[in-house]
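J.: First the structure, which I've put down as structure tokens, then a few questions once you've had a look.
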Amino acid sequence: MGENSPRRTMQLGKIPRIRLGEYPTPLAELPNLSRVLGGPRLFIKREDLVGIALGGNKVRKLEYALAEALAQRATVLITSGAVQSNHVRLTIACANRLGLRTVVVLRGEKPSLPTGNLLLDHILGVAEVHWVDPKGYATREELVRATEARAQELAEELRRRGEVPYVIPNGCKPLHSALAYAGCVLELLEQMRAQNLAPDAIVTACGTAGTQTGLILGSLLFAQGQIRVVGISVSAKAEVLRERLRRNLEEALRFLGLDLPVPETAIEVHDGYVGPGYALPTPEMKRAVELLARTEGILLDPVYTGKAMAGLLDLVRQGAFRGAENVVFLHTGGVPALFADTQAPTFYPA
């Protein structure tokens, strides 16, 4: 294409996708929690109720990933994650719908008894589980890289055996995440418009940053950038995530053929709620999980949504949403992690 040729744009609805979830996922108001906090008006978007294997935000992303896998005539999926990975659970479940086997690489020590998501992986019939021992890795980032490298090694082994493997990175490709959650914003806008409302802000947990990328993209595409997207980090520093979000957004806009400016203010991440580290409990997370359960009867997970809700509660108390009428919390799922043996002491101390 010549330098002066018009840029080709692509509609979101024309991108190959396999529908695996039940949509729209519910949108519920949280009047009791709003009352406790003294405002603003709070809502929760229930991605945990997407309708497959106890739900979660990975389902929307996997719809694009598995469409690509089938286009490549894949015979087996390979993915990786932590021992209690929600992504791994949902990859196995979605692969089952399409008659594909799943091989997974988990970072961590193999427990004597599987609980939480790991138990569900086995119930779902994971084909193979490979382990990467955390000993010898100085940081979580090194361990993640080693786990992903092992996934690539397994893909090569399977190719030599005549298989066609498709590797899904932990949390899915940033592009698939961006497309999925841009579509989720459109769905949310339709749900709120039916009530003569519009969202002023969306609050989400930010891990790999894919979901937040899509929410920002959706705000730009469908709401003129007027929805404030607030990310609550569950692991990385804010500056690392902001840079990742910029790269992800640039890739998604390039793919769609769009030349949209992304204001610096559109990329908002708070990293003050991580605590001692990824998947490690904090008192604020515990209080947030218990508060939502005891006011609205809704369960959050201890790794992602619990810390994200802790962030939301603190920001509300600081007055960070002053002027925002309607704030939506994105429930990204992960509740099976509550039933991991490591979480029991947090909520039921001896």
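The values are calculated or read from the model by the stated rules, or taken from the named source; none is laboratory data. The structure displayed is predicted, hence computed values, not measured ones. Positions of Cβ are backbone-derived with ideal geometry, glycine not excepted, and every protein chain shown enters the neighbour counts.
J.: Got a sec? Which of Leu315, Leu280 is part of a helix (DSSP H, G or I) and more than 17 Å from the chain's Cα centre (by Cα)?
T.: Every option except Leu315 fails the conditions.
J.: If Thr79 meets every condition in (1) modelled with pLDDT under 95; (2) among the polar types (S, T, N, Q); (3) under 20 Å from the mean Cα position of the chain (by Cα) apart from one, which number is that one?
T.: The failed condition is (1).
J.: Please go through the stretch 243-267 and pick out each residue that is outside any loop (DSSP other than H, G, I, E, B) and either among the aromatic types (Phe, Trp, Tyr) or crowded, with 18+ Cβ neighbours inside 10 Å (or both).
T.: Arg244, Leu245, Asn248, Leu249, Ala252, Leu253, Phe255, Leu256, Ala266
J.: Still on this structure: For the condition under 20 Å from Ile92 (Cβ atoms) and surrounded by fewer than 18 Cβ atoms within 10 Å (Cβ to Cβ), what is the one hit in Glu142, Glu163?
T.: Within the list Glu142, Glu163, the selection yields Glu163.
J.: Within the set of pairs 6+ apart or on separate chains, which have a first residue in the stretch 49-67 that is hydroxyl-bearing (Ser, Thr, Tyr), a second that is buried (at least 24 other Cβ atoms within 10 Å of the Cβ), and C-beta atoms under 8 Å apart?
T.: Tyr64/Cys172; Tyr64/His176; Tyr64/Leu179; Tyr64/Ala180
J.: Between Glu264, Glu284, Glu251, which is closer than 21 Å to Phe43 by Cα and outside the structural domain of Asn86 (by TED's automatic domain parsing)?
T.: Of Glu264, Glu284, Glu251, the one residue that is closer than 21 Å to Phe43 by Cα and outside the structural domain of Asn86 (by TED's automatic domain parsing) is Glu284.
J.: I've got another one for you. So which residues in the stretch 143-196 are outside any helix (DSSP H, G or I) and either in contact with a strand residue (DSSP E or B) (Cβ under 7 Å, 6 or more places away or on another chain) or without any contact (Cβ under 8 Å) to a residue 60 or more places away in the chain (or both), if there are any at all?
T.: Scanning the stretch 143-196 gives Arg161, Gly162, Glu163, Pro165, Tyr166, Val167, Ile168, Asn170, Ala194, Gln195, Asn196.
J.: A further question follows. Which count do you get for residues in the stretch 201-231 that are in a helix (DSSP H, G or I) and hydroxyl-bearing (Ser, Thr, Tyr)?
T.: First pass over the stretch 201-231, keeping only residues in a helix (DSSP H, G or I): 210-222.
Narrowing the set further to residues that are hydroxyl-bearing (Ser, Thr, Tyr) leaves 211, 213, 219.
Residues meeting the conditions: 3.
J.: Okay, next question. Inspect the stretch 243-257 for any residue being over 30 Å from Asn32 (Cα atoms), hydrophobic (A, V, I, L, M, F, W, C) and modelled with pLDDT under 95 and give the result as yes or no.
T.: no
J.: Still on this structure: Take the residues in the stretch 311-348 that are of a type in the set (A, V, I, L, M) and more than 22 Å from Tyr181 (Cα to Cα), then tell me which one is modelled with the lowest pLDDT.
T.: Step one: list which residues in the stretch 311-348 are of a type in the set (A, V, I, L, M), which gives 312-313, 315-316, 320, 324, 327-328, 330, 335, 337-338, 340, 344.
Then keep just the ones that are more than 22 Å from Tyr181 (Cα to Cα); that gives 313, 315-316, 320, 337-338, 340, 344.
Values: Leu313: 98, Leu315: 98, Val316: 97, Ala320: 96, Ala337: 95, Leu338: 95, Ala340: 94, Ala344: 87.
Filtering first and then ranking leaves Ala344.
J.: While we're looking at this one, here's another question. Restricting the search to the stretch 12-48, which residues are under 19 Å from Leu215 (Cβ atoms), β-branched (Val, Ile, Thr) and over 19 Å from the mean Cα position of the chain (by Cα)?
T.: Ile15
J.: Let me ask something else. Of all residues in the stretch 186-244, count the ones that are touching a Lys or Arg at 6+ places or on another chain (Cβ under 8 Å) and acidic (Asp, Glu).
T.: 1
J.: Another question, then. If you check His87 against the conditions, is it touching a strand residue (DSSP E or B) at 6+ places or on another chain (Cβ under 6 Å), surrounded by fewer than 18 Cβ atoms within 10 Å (Cβ to Cβ) and either of a type outside the set (Gly, Ala, Ser) or at pLDDT below 95 (or both)?
T.: Criteria not met by His87.
J.: Shifting gears a bit: Is it fair to say Ala205 is closer than 22 Å to Pro24 by Cα and either surrounded by 22 or more Cβ atoms within 10 Å (Cβ to Cβ) or touching a Ser or Thr at 6+ places or on another chain (Cβ under 8 Å) (or both)? Even if it seems obvious, please write down each step before you answer.
T.: Values: closer than 22 Å to Pro24 by Cα: yes; either surrounded by 22 or more Cβ atoms within 10 Å (Cβ to Cβ) or touching a Ser or Thr at 6+ places or on another chain (Cβ under 8 Å) (or both): yes.
It is true that Ala205 is closer than 22 Å to Pro24 by Cα and either surrounded by 22 or more Cβ atoms within 10 Å (Cβ to Cβ) or touching a Ser or Thr at 6+ places or on another chain (Cβ under 8 Å) (or both).
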